[in-house]
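The values are calculated or read from the model by the stated rules, or taken from the named source; none is laboratory data. Only a predicted model underlies this, so the values are computations on that prediction, with no experimental measurement involved. Using ideal geometry, Cβ is built from the backbone for each residue, glycine included, and neighbour counts are taken over all protein chains shown.
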């Protein structure tokens, strides 16, 4: 395990307002002390504490300055072990992922698949989900009836191990007086145990078994005792068994060969126990099998931990047992409406949500019914986090490992917070990176690029494509800062940031690449154009006709004022080498053509952000625009008529047949289908004209039938034109030429796509 030394930035005190008098770029940004965050690389297992920009406040989220966090012994150790495993062992642990990889190899080829896998595994994972701190900044708005927090208040959240975290307001709970920060750090894992207990529905006087006495198990023991239940704890560790007895449980010591079935029989007075909470972490299905044997008829079993699930029907059939898997902290988990947008569930219908479970745990700590102090085995300052993870990975006994953070920052000084109109400026939202090369002034005519957005596609495709062009990579922005630092270092950016406005307002940046979620594209495009920047935006250009009208109004106005920034959408397919070949062949044909585009788009869950009309725009706007643009390019004529027929259930518009008619009489059909099998190639294009046929199979094989002098064009690896697309854009900027995709075509394709999504 190795911890990085950081970015080599001079670090003024956290309360100071830092300014760079030598700033070459005339930025209105504060580059001061970066924050520390603990990350893990899943490919190598390497755990690092690195310097990252402080996260920017997000709507519905609290910005929290951390005072303490708890290392989740079970989850984080499991991640460490997974990361350190070789690729074969990783594959054995994720057979479903292996099948997906094999399908991708068959359709896309070996090299692109390996690159995608390596890129995914190479991205850092933020560790931790048990955070305590003081509210540093609050959201501008929350839904009506939302829980309101004040600056300076102590809160527990599911934030990571970082000096500052941005946590959804519905995943935060105010800490009562009398509960210390270290105690409050157990709130989240306490809620995990509490949710499992709620599902089991214990009543006064019932007998329960807790299998696995780690942190959650020992908390579950206390919570069940608070419900008035008799508790039997099972584990191999004598120290944990001793703590369980301290909390009022009877125990079974598996290390001494004690029989849990026999002990539970006596414990339940021969009736069988009423319920079992399984908090163990094992690949074996034995805990579930034992639970079935220990239960009374119609007993309840709740799985809170991670075990094998090879269930015996006979075990459950004879007793009519109930078995349920508990979902994390409680109702609301993984619901974006609750977690991200802040829409609470009505208390009359959902009494216990994630947040209310947090509050219940904290209330029990305040009353003394829940005692977590004996669970703390180690304490480390955040600067010594290396030692904490050495304990986690070693053989030294441990239980609750607390990381403590500096307590003299601005969030501790309530008066200072109230007095300052711009307290967020005291955190560093931009940090210098030790890139592949030192910061440099751009060569004459060389675009200086800032990236807004650093997700998987941006880091795997767009950034390396722009780097190959020779463009000067200045700034990269992400909302949390982690991916910005990771990809910024990887591709040699000068700085990483969490402030998009800093990129747009930086006089030294000439070109902005936008690779954020789709609902932010139009806003960033217009802001960048008004700032006089050239813009490359990943598809789609926008989501609504109103946004399109604003872009149309913004762009020509700049031309009229003498400025001429270029605007280009990442319609890369038209730049693919095989498509360029098709274009050259088709230009000689003077009669109408028939285009048949089949897209095996694959299934995406209905709750994914791309399916959300307000965020992703749906899959027609979000992805099918690629293929509308491709046919528009090959036809070389304006789209005059269009229509769409949608298949499947109403509301999920990801199975469609789109029909396009062009000015020269050509007709194009796009079959965009999510209902196919993933082993089938994703994209196939066929063109019929003049007694000839062109067939493009997944951007790997192009065949010609009846074309004089052309038979086929095969590539050793798939090429969808991403590199050529970036090169064409940067080349136009350097040469002072028009945009490779005419502005009128971009607007036309965007308008048609938006209208098609409304059809049917």
query: In the range 273-289, which residues are buried (at least 21 other Cβ atoms within 10 Å of the Cβ) and in contact (Cβ under 8 Å) with a residue 40 or more places away in the chain?
result: 273, 274, 275, 276, 277, 278, 279, 280, 287
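Here is a yes/no grid of residues against (1) in the same structural domain as residue 608 (by TED's automatic domain parsing); (2) touching a helix residue (DSSP H, G or I) at 6+ places or on another chain (Cβ under 6 Å); (3) part of a helix (DSSP H, G or I); (4) at pLDDT below 95:
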residue	(1), (2), (3), (4)
524	no, no, yes, no
536	no, yes, no, no
539	no, yes, no, no
542	no, yes, no, no
554	no, yes, yes, yes
581	yes, no, yes, no
585	yes, no, yes, no
588	yes, no, no, yes
So residue 496, is it touching a helix residue (DSSP H, G or I) at 6+ places or on another chain (Cβ under 9 Å), outside any loop (DSSP other than H, G, I, E, B), in contact (Cβ under 8 Å) with a residue 40 or more places away in the chain and not assigned by TED's automatic domain parsing to the domain that holds residue 40: yes
- request: Of the numbered conditions (1) crowded, with 24+ Cβ neighbours inside 10 Å; (2) in contact (Cβ under 8 Å) with a residue 60 or more places away in the chain; (3) in contact with a strand residue (DSSP E or B) (Cβ under 7 Å, 6 or more places away or on another chain), residue 537 fails exactly one; give the number of that condition.
  value: (2)
- request: Residue by residue through the range 269-290, note down the ones that are outside any helix (DSSP H, G or I) and in contact with a helix residue (DSSP H, G or I) (Cβ under 8 Å, 6 or more places away or on another chain).
  value: 272, 273, 275, 276, 277, 278, 279, 280, 281
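For residues in the range 291-316 being assigned to a helix (DSSP H, G or I) and touching a helix residue (DSSP H, G or I) at 6+ places or on another chain (Cβ under 8 Å), which is surrounded by the most Cβ atoms within 10 Å (Cβ to Cβ)?
Ranking the candidates gives 294 first.
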message: Being surrounded by 16 or more Cβ atoms within 10 Å (Cβ to Cβ), within 11 Å of residue 195 (Cβ to Cβ) and touching a strand residue (DSSP E or B) at 6+ places or on another chain (Cβ under 7 Å) is the filter here; which residues of the range 317-355 pass it?
response: 326
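Can you tell me which residue among 513, 503 is within 23 Å of residue 725 (Cβ to Cβ), surrounded by 23 or more Cβ atoms within 10 Å (Cβ to Cβ), outside the structural domain of residue 637 (by TED's automatic domain parsing) and in contact with a helix residue (DSSP H, G or I) (Cβ under 7 Å, 6 or more places away or on another chain)?
Being within 23 Å of residue 725 (Cβ to Cβ), surrounded by 23 or more Cβ atoms within 10 Å (Cβ to Cβ), outside the structural domain of residue 637 (by TED's automatic domain parsing) and in contact with a helix residue (DSSP H, G or I) (Cβ under 7 Å, 6 or more places away or on another chain) holds for just one of 513, 503, which is 513.
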- request: Please go through the range 429-488 and pick out each residue that is modelled with pLDDT under 90, under 28 Å from residue 576 (Cβ atoms) and in contact with a strand residue (DSSP E or B) (Cβ under 6 Å, 6 or more places away or on another chain).
  value: 446
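Looking only at the range 729-751, filter to residues that are in contact with a helix residue (DSSP H, G or I) (Cβ under 8 Å, 6 or more places away or on another chain) and buried (at least 20 other Cβ atoms within 10 Å of the Cβ); which one of those is farthest from residue 613 (Cα to Cα)? Spell out the reasoning first.
Initial filter on the range 729-751 (in contact with a helix residue (DSSP H, G or I) (Cβ under 8 Å, 6 or more places away or on another chain)): 730, 737-741, 743, 745, 747-751.
Those left that are additionally buried (at least 20 other Cβ atoms within 10 Å of the Cβ): 730, 739, 741, 749-750.
Numbers: 730: 32, 739: 29, 741: 27, 749: 19, 750: 16 Å.
The residue in question is 730.
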Selected residue (criterion: farthest from residue 133 (Cα to Cα)) from residues of the range 382-400 that are free of Cβ contacts under 8 Å to residues at least 24 places away in the same chain and not in a helix (DSSP H, G or I): 395
- prompt: Does residue 748 qualify as being over 30 Å from residue 470 (Cβ atoms), in contact with a strand residue (DSSP E or B) (Cβ under 9 Å, 6 or more places away or on another chain), part of a helix (DSSP H, G or I) and assigned by TED's automatic domain parsing to the domain that holds residue 589?
  reply: yes
message: Taking the conditions exactly as written (in contact with a helix residue (DSSP H, G or I) (Cβ under 7 Å, 6 or more places away or on another chain), assigned to a loop (DSSP other than H, G, I, E, B), modelled with pLDDT under 95 and under 18 Å from residue 201 (Cα atoms)), does residue 330 satisfy them or not?
response: yes
task: Give me a count of the residues in the range 716-738 that are in a loop (DSSP other than H, G, I, E, B) and within 33 Å of the chain's Cα centre (by Cα).
output: 6
- request: Consider residue 586 carefully, then state whether it is within 24 Å of residue 712 (Cα to Cα) and either touching a strand residue (DSSP E or B) at 6+ places or on another chain (Cβ under 8 Å) or free of Cβ contacts under 8 Å to residues at least 24 places away in the same chain (or both).
  value: yes
query: How many of the residues making up the range 620-656 are surrounded by fewer than 20 Cβ atoms within 10 Å (Cβ to Cβ), within 30 Å of residue 584 (Cβ to Cβ) and without any contact (Cβ under 8 Å) to a residue 40 or more places away in the chain?
result: 3
